[in-house]
Amino acid sequence: MIQTVVIAPSLAGRAGLRTLLNAAEDVQVAAEAASLDALPSLPQPVDIFVLMADPGELSRLADLLPADKPAPAVLLLTDTPEDGEALLSLPLRAWGLLPTGCSEEALITALY
């Protein structure tokens, strides 16, 4: 089971991502929040962060990553590819970028 955390500023964005991700057979949304700061706690284990957030959020992600466990992957949903540059400095297992209007198929495929 792929455990995901969804971060999206709008309620509609979080609800849409949760619905799409939970519809996949072996994907589960373990937590969701409007921002990383609003995440009550980091569920363990987390395999992938799905972020629909501004790049400033990514700098705070480093503070949440557990030092004693493998780092999760990050899938950033953005229409500005330059936003992905912030991912380069993080100790992540893997990362990817998709446009915010990507298809359900592209979103689920990116998780694998």
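Couple of notes before you dig in:
- The phi-based Karplus calculation (6.51 cos²θ - 1.76 cosθ + 1.60; θ = phi - 60°) puts the 3J(HN,Hα) values of the stretch 52-59 at 10, 9, 6, x, x, 5, 5, 5 Hz, whole numbers, x for Gly and Pro.
- Where Rh is the Kirkwood radius over Cα pairs, Rg/Rh for the stretch 52-112: 0.97
- For Rg/Rh (Cα atoms, Kirkwood Rh), the value computed from the atomic coordinates appears in the list (1) 0.95; (2) 0.91; (3) 1.00 under label (2).
- Paramagnetic label zone (point 7 Å from Cα along Cα-to-C-beta, GLN44; backbone N under 15 Å) in the stretch 54-76: 64-72
- Centre separation in Å (Cα based) which lies between the stretch 1-29 and the stretch 60-79: 16
- Overall, the accessible surface of the chain at a probe of 1.4 angstrom is composed of carbon and sulfur to the extent of 55 percent.
- Inter-label distance, nm, simple model (7 Å from Cα along the C-beta direction), ARG60/GLN28: 2.6
- Close amide H contacts of MET52 (hydrogens built in the peptide plane, cut-off under 5 Å, sequence separation of 5 or more or a different chain): ILE7, ALA8, LEU77.
- Solvent-accessible heavy-atom area per residue, rounded to whole Å², over the stretch 17-103 at 1.4 Å: 52
- Simple point charges give the picture: +1 on the Cβ of Lys and Arg, -1 on the Cβ of Asp and Glu, and for the chain a dipole about the Cα centre of about 240 debye.
- Between the amide H of ILE2 and those of VAL27, GLN28, distances stay under 5 Å, these residues lying 5 or more places away or on another chain, with hydrogens modeled in the peptide plane.
The values are calculated or read from the model by the stated rules, or taken from the named source; none is laboratory data. Owing to the predicted nature of the structure, the values given are computational and were not obtained by experimental measurement. As a convention, Cβ positions derive from the backbone with ideal geometry for all residues, glycine included, and neighbour counts pool all protein chains shown. Heavy atoms of the whole protein, side chains included, go into the accessibility calculation; ligands, DNA and RNA do not. Shrake-Rupley method; radii C 1.70, N 1.55, O 1.52, S 1.80 Å.
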